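Nothing in this text is a laboratory measurement; each read-out follows from the coordinates by a stated rule. Not measured: the values here are computed from a predicted model. Every residue, glycine as well, gets a Cβ built from its backbone with ideal geometry; the counts of neighbours run over all protein chains shown.
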Amino acid sequence: MELTRRGFLAASGAALAGSLAFELSRQSVAFAFEADQEWKLVNTEEYTGVCCYCSGGCGSIISVRDNELINLEGDIDNPISAGGLCSKGATMFQLRNVVTEDTREVIHNPNRTTKPLVRRPGAAEWSDISWDELVKEVARHVKDTRDATFEEKDKNGLTVNRTLAIASLGGSQQNNEEDYLILKSMRSLGVIAIDNQARV
């Protein structure tokens with residue numbers, strides 16, 4: 001019997017169709033995976049945020065359960081990063097929690113600073129200070145600096161009402177409303193060196 005190319009293709013197609021029909025018609029065993037633990041994001045609340053490391057404005061999704069951080073990942077709906085995070089942004093989780101090397105358990109980061117610290121002039125160590133004391137000291141430093149450097153008129157006699165000794169630099173996590181209030185408060189002090197690090 002002489003086998004032509006057309007005959008070979010027809011026989012191959014028939015063999016393939018037959019084997020597929022046989023495989024699809026016979027009963028197969030279904031394997032189900034029984035997880036021994038719950039999915040880690042079950043019963044969590046998700047919040048969107050912005051990465052705190054640079055002025056890029058990359059979005060993040062923060063998963064929280066019972067006021068505890070469970071997971072942090074890139075936000076796929078964010079137009080800046082489209083779900084991607086750089087190596088620093090991907091480790092934002094470690095600002096609050098870390099995974100222990102030996103037990104692989106998630107614990108609060110022991111190196112995280114949770115209260116204000118101050119290093120007095122000439123001191124080598126940082127010391128604790130309350131939030132009320134911190135606000136009073138910062139306000140006192142700002143007032144003393146403004147009073148010592150405030151200019152009502154420049155050298156040509158023009159009214160300027162400014163201080164050149166204080167500057168304000170905003171961050172990428174501030175929204176427009178916060179920036180508006182910061183700008184108004186800085187202008188009321190006479191600060192003219194005002195900038196924001198966000199370049200998006």
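Which log10 I(q)/I(0) values does segment 129-196 give at q = 0.12, 0.14, 0.16, 0.20 Å⁻¹ under the Debye formula, counting every alpha carbon as one identical point scatterer?
Result of the Debye calculation: -0.39, -0.52, -0.65, -0.91.
Between the DSSP loop rule and a limit of at most 13 other Cβ atoms within 10 Å, which chymotrypsin sites (Phe, Trp or Tyr not before Pro) in segment 103-200 are left?
Working: sites: 126, 131, 150, 180; in loops: 126.
For chymotrypsin sites (Phe, Trp or Tyr not before Pro) across segment 103-200 that sit outside H, G, I, E and B with at most 13 neighbouring Cβ atoms in 10 Å, the list reads 126.
What are the lysines whose alpha-carbon lies under 30 Å from the alpha-carbon of residue 155, with same-chain residues fewer than 8 places away excluded?
By straight Cα distance, residue 155 reaches 143, 184.
Non-local amide H neighbours of residue 50 (under 5 Å, H modeled in plane, Pro and chain starts lacking H): which ones?
When sequence neighbours closer than 5 places are left aside, the close amide H contacts are 60.
Using θ = phi - 60° and the Karplus curve 6.51 cos²θ - 1.76 cosθ + 1.60, what whole-Hz ³J(HN,Hα) does each residue of segment 87-100 get, with Gly and Pro shown as x?
For segment 87-100, the Karplus curve yields 5, 6, x, 5, 9, 4, 3, 6, 5, 10, 10, 9, 9, 6 Hz.
Among residues other than residue 95 whose Cβ falls under 12 Å from its Cβ, what is the net charge (Lys/Arg +1, Asp/Glu -1)? Intermediate values should be presented prior to the final figure.
Details: positive: 88, 96, 112; negative: none.
Result for the neighbourhood of residue 95: +3.
What's the longest bit of the chain with no exposed GluC sites (Glu not before Pro), using DSSP loop states and at most 10 other Cβ atoms within 10 Å as the test? Write out the running numbers ahead of the final one.
Working: sites that count: 2, 34, 38, 101, 105, 125.
In short, 126-200.
Ratio of alpha-carbon Rg to the 2.2 N^0.38 Å globular estimate for the chain, to two decimals, please. Kindly include the intermediate steps, with their values, before the conclusion.
Details: Rg = 31.6 Å, N = 200, 2.2 N^0.38 = 16.5 Å.
Normalised Rg, Cα atoms only: 1.92.
Any idea what the dipole of the chain comes to, in debye rounded to 20, about its Cα centre with Lys/Arg Cβ at +1 and Asp/Glu Cβ at -1? All intermediate terms of the calculation are to be shown ahead of the outcome.
Numbers: 22 positive and 29 negative charges, 161 e Å.
The calculated dipole for the chain is roughly 780 debye.
Which FRET efficiency value, to the nearest 0.05, do you get for residue 159 and residue 131 by plugging their Cβ-Cβ distance into 1/(1 + (r/R0)^6) with R0 = 41 Å? Let's see the in-between values first.
On the way: r = 37 Å, r/R0 = 0.91.
According to the calculation, E is roughly 0.65.
Find how much the distance from residue 183 to residue 150 grows on full extension, using 0.36 nm per residue of separation minus their present alpha carbon separation; answer in nm with one decimal.
Details: separation 33, 0.36 × 33 = 11.88 nm, distance 1.79 nm.
My answer for the length gained is 10.1 nm.
Which far-off residues, 5 or more places away or on another chain, put their amide H under 5 Å from the one on residue 129, with H placed in the peptide plane?
118
Post the alpha-carbon centroid distance, segment 1-23 to segment 110-168, in whole angstrom.
So the two Cα centres are separated by 86 Å.
Which trypsin sites (Lys or Arg not before Pro) in segment 109-200 sit in a loop by DSSP (not H, G, I, E or B) and have at most 14 other Cβ atoms within 10 Å of their own Cβ? All intermediate terms of the calculation are to be shown ahead of the outcome.
Details: sites: 112, 119, 136, 140, 143, 146, 153, 155, 162, 184, 187, 199; in loops: 112, 119, 155, 199.
In loop regions of segment 109-200 (DSSP not H, G, I, E or B), the sparsely surrounded trypsin sites (Lys or Arg not before Pro) are 112, 119, 155, 199.
Please list, ordered by chain and number, the residues whose modelled amide H lies under 5 Å from the amide H of residue 196; skip anything fewer than 5 residues away on the same chain.
The list, which skips near neighbours in sequence, is 170.
Residue by residue through segment 157-170, what is 3J(HN,Hα) from phi via Karplus (6.51 cos²θ - 1.76 cosθ + 1.60, θ = phi - 60°)? Round to whole Hz and write x for glycine and proline.
x, 7, 6, 10, 6, 9, 10, 9, 9, 10, 10, 10, 10, x
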